[in-house]
Amino acid sequence: MQLAAKDIGIRFGEMTLLQGVDFSVNGGEIVGLIGPNGSGKTTLLRVLANLRIPDHGEVRYGGKMAREIGTKSLAQQIAYLAQASNVHWSMRVDTLIALGRLPHRRFFAGPSAHDHAAIERAMAAADVLALRSRTMNEVSGGERMRILLARALAVEASLLLADEPIAALDPLHQLEVMELLRATARQGRGVVVVLHDLSLAARFCDRLVLLANGGILVSGTPREVMTDRHLADAYGVEVVRGERDGMPFVVPWTAVRK
Amino acid sequence: MMSEISATRTAARAPALSYGALVILLAAVVVVLLAASLSIGYAPLDLQKAITDAIAGKSTLEAIVLMELRLPRAALGGLVGFSLGMSGAAMQGLMRNPLAEPGIIGVSGAAAFGAVTSFYFGLAGAASLALPFGGIAGAFLATLLLFALAGRGVGTMTLILAGVAINSFTGALTSLALNLSPNPYAVSEIVFWLMGSFADRSLPYVWLVLPLMLTGWGLLLASGPALDGLTLGEDTAKSLGFDLKRLRFQLVGGAALAVGSSVAVTGAIGFVGLVVPHLLRPLVGHRPGRLLLVSGFGGAILTLAADISVRLLPIRPELKLGVVTAIIGAPFLFRLIYRLRGAE
């Protein structure tokens, strides 16, 4: 399913956070949403997930508006992974992951065989099978993030919108989660991921959208977006860059303050 | 502050009892306690004869004691306990906080004030149902206020604050009624009523609150899946297809019906709605949706048992139920707070 947002504008009271933002993602594609703190990444992602109504512009899912699709059907088609999500009750890991099947369940019906299969697939993909009978207060920060990711994968939606899914992870798990997100996209789903790690963004995303100064500063292939000029304009940093296997990587080096 | 995962350090291994078995077990205990409540009282009663006579429509002394005294008391004990337990679980689920209690949104304070008003104007003496009607009217007004707020799309935190405001305002008005009370007899009557009891309520009380409570329970139970979804926060619940605005209406309405009518007939019975969900939560694997029904039965068990024990205790005048639940409940609350703080 294609997601297309047109001319999105978002205001907080008097302040304009975003203006004139066009954004789209197609099935099979992973798009990275990058930008400095406060540039509106999370807010834009929430708009894309239909969690916030934009003050201007519209979002279409497969050409349709959210209200034409209906709440339940939309919930089956969009999986949203919130940033640093609190887990308020210490459920068992597999019970928590099963929450991802709620949009597919009929009122008060138990999980079907199909639901169980989806939960197993999600746990296998996020590598949390071994944790299934632990409770949520018996897992580490990294495990927790993977469990939350498995919860989002369990929806088996055609769109996955993930807000900083690797922020709390060690390098190995960062790589694994990014691999998993890319593999999810390659299965034909559209993936949008908010990231702070520029090198991983460049390496794993098909396209990048760089938000800064109230709108999209630049979008395109990682190579087009990750220029010294763009990074200095957006983040106020000078980077050291290199290349490995034909892929650029950058390391923020000095603050240059715009 | 709303993330209270640490509240539940009790290692929740796979529950030893399946959900279905737990529900059946608790329901069975409720039935046993209802029977016990019918058979225990100040005068000896041949229960079998009383039931036979009551069914046959004979107005023997046994039948009258059963129908006028024992049955309303037992039935209200079960209904009110069920309402408080389930509403407590629902409020904890909505607030995502194990310290929430059924009265948190202010309906219990408003219902108490409504009932006190009918005392104050002497209506309670004039018509036997004036008291619960007053209570229900109070809860209804508070609910209108909360609905007006929820309709404006305010968040859960605002509803809590509104509840605090309603509780303190109605508390002040209740004190005002005591303050201006025409005679000391009325004061003591109000004060005793506020302590909460199932004694001397008649069967019409039951018929009055039963439909309200059943509707309330239905609304609360229907919110189970959404409460499960809320475990991961409001955005995730929304992304799972739950309409949070509707959920707030549903839960405020359900709790208002159940708790408002409870307070209207029995006065304030505290701590049941706080303690019961907390005790039962590990047994349902910490799932807020499943906690609803289970806490209902648990609440009924606690109130019925407490109400039986005040009749068995050799203390006269009979202890008020609200006093007993608070004496048992407050130390429990302290322990809960102590453990919560310790876990941080």
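The values are calculated or read from the model by the stated rules, or taken from the named source; none is laboratory data. Please read all numbers here as calculations on a predicted model, not as lab measurements. Don't worry about glycine lacking a Cβ; one is built from the backbone with ideal geometry, like all the others, and counts go over all protein chains shown.
Of all residues in segment B:76-109, exactly one satisfies the criterion of being hydrophobic (A, V, I, L, M, F, W, C), farther than 14 Å from B:G254 by Cα and in contact with a Lys or Arg (Cβ under 8 Å, 6 or more places away or on another chain), namely B:L76.
If you go through segment B:219-252 one residue at a time, how many are under 23 Å from B:L144 (Cα atoms), polar (S, T, N, Q) and within 12 Å of another protein chain (Cβ to nearest Cβ)? Number of matching residues: 1. If only residues of segment A:109-152 that are assigned to a helix (DSSP H, G or I) and touching a Ser or Thr at 6+ places or on another chain (Cβ under 7 Å) are counted, the one that is surrounded by the fewest Cβ atoms within 10 Å (Cβ to Cβ) is A:N137.
Restricting attention to segment A:53-67, the residues that are away from chain B (no Cβ under 14 Å), touching a Leu at 6+ places or on another chain (Cβ under 9 Å) and either in a helix (DSSP H, G or I) or surrounded by fewer than 15 Cβ atoms within 10 Å (Cβ to Cβ) (or both) add up to 1. From the list A:Q83, A:Q76, the one residue that fits, being assigned to a loop (DSSP other than H, G, I, E, B), surrounded by fewer than 22 Cβ atoms within 10 Å (Cβ to Cβ) and within 11 Å of chain B (Cβ to nearest Cβ), is A:Q83. Checked against the criterion of being crowded, with 20+ Cβ neighbours inside 10 Å and part of a helix (DSSP H, G or I), segment B:51-61 has no qualifying residue.
Of the residues in segment A:99-108, not one is in a loop (DSSP other than H, G, I, E, B), surrounded by 15 or more Cβ atoms within 10 Å (Cβ to Cβ) and of a type in the set (A, V, I, L, M). For segment A:92-126, the candidate set comprises residues that are over 24 Å from the mean Cα position of the chain (by Cα) and in contact (Cβ under 8 Å) with a residue 12 or more places away in the chain; within that set, the residue that is farthest from the other protein chains (Cβ to nearest Cβ) is A:P111. Could you please let me know if A:G70 is among the small types (G, A, S) and either more than 21 Å from A:R106 (Cα to Cα) or buried (at least 22 other Cβ atoms within 10 Å of the Cβ) (or both)? When the stated conditions are applied, A:G70 does not pass them. One residue stands out among those in segment A:127-154 that are acidic (D, E) and within 15 Å of A:R92 (Cβ to Cβ): the one that is farthest from the other protein chains (Cβ to nearest Cβ), which is A:E143. Filtered by the rule that a residue be assigned to a loop (DSSP other than H, G, I, E, B) and crowded, with 24+ Cβ neighbours inside 10 Å, segment B:102-133 gives a lone residue, B:G106. Does segment A:202-225 include one or more residues that are of a type in the set (D, E), part of a helix (DSSP H, G or I) and surrounded by fewer than 18 Cβ atoms within 10 Å (Cβ to Cβ)? Yes: segment A:202-225 contains one or more residues that are of a type in the set (D, E), part of a helix (DSSP H, G or I) and surrounded by fewer than 18 Cβ atoms within 10 Å (Cβ to Cβ). Only one of the listed residues (B:S239, B:S223) is in contact with a strand residue (DSSP E or B) (Cβ under 7 Å, 6 or more places away or on another chain) and within 23 Å of B:T158 (Cα to Cα). That residue is B:S239.
Which residue is nearest to the chain's Cα centre (by Cα), if the candidates are limited to segment B:141-154 and must be surrounded by fewer than 18 Cβ atoms within 10 Å (Cβ to Cβ) and not aliphatic (A, V, I, L, M)? Here the answer is B:F147. Residues being without any contact (Cβ under 8 Å) to a residue 60 or more places away in the chain and over 24 Å from B:V209 (Cβ atoms): count how many of those fall in segment B:56-100. Residues that pass the stated criteria total 7. Screening A:I78 on (1) farther than 30 Å from B:M91 by Cβ; (2) modelled with pLDDT of 95 or more shows it passes everything except condition (1).
Taken as a whole, the structure leaves B:A199 outside the set of residues that are aliphatic (A, V, I, L, M) and part of a helix (DSSP H, G or I).
Say we look at segment A:28-50 and pick out the residues that are among the β-branched types (V, I, T) and within 11 Å of A:V209 (Cβ to Cβ); which of these is farthest from the other protein chains (Cβ to nearest Cβ)? Among residues in segment A:28-50 that are among the β-branched types (V, I, T) and within 11 Å of A:V209 (Cβ to Cβ), the one farthest from the other protein chains (Cβ to nearest Cβ) is A:I34. Against the test of being outside any helix (DSSP H, G or I) and closer than 19 Å to B:M95 by Cα, the options B:G296, B:G270, B:G289 yield a single qualifying residue, B:G270. Any residue that is within 14 Å of another protein chain (Cβ to nearest Cβ), surrounded by fewer than 24 Cβ atoms within 10 Å (Cβ to Cβ) and at pLDDT 95 or above - is there at least one of those in segment B:201-217? Checking segment B:201-217: not a single residue is within 14 Å of another protein chain (Cβ to nearest Cβ), surrounded by fewer than 24 Cβ atoms within 10 Å (Cβ to Cβ) and at pLDDT 95 or above. Put simply, of B:M67, B:M91 the only residue that is of a type outside the set (S, T, Y) and touching a Pro at 6+ places or on another chain (Cβ under 7 Å) is B:M91. Against the test of being surrounded by fewer than 22 Cβ atoms within 10 Å (Cβ to Cβ), within 17 Å of the chain's Cα centre (by Cα), assigned to a helix (DSSP H, G or I) and not basic (K, R), the options B:I327, B:I337 yield a single qualifying residue, B:I327. Checked against the criterion of being under 18 Å from the mean Cα position of the chain (by Cα), assigned to a helix (DSSP H, G or I), within 20 Å of B:G88 (Cα to Cα) and not β-branched (V, I, T), segment B:157-165 contains one or more residues that satisfy it. Residues in segment B:267-312 that are farther than 15 Å from B:V29 by Cα, small (G, A, S) and under 13 Å from the mean Cα position of the chain (by Cα): B:G267, B:A268, B:G270, B:G273.
On the given criteria, is A:A162 modelled with pLDDT of 95 or more, part of a strand (DSSP E or B), of a type in the set (G, A, S) and under 20 Å from A:L48 (Cβ atoms)? So A:A162 passes the test.
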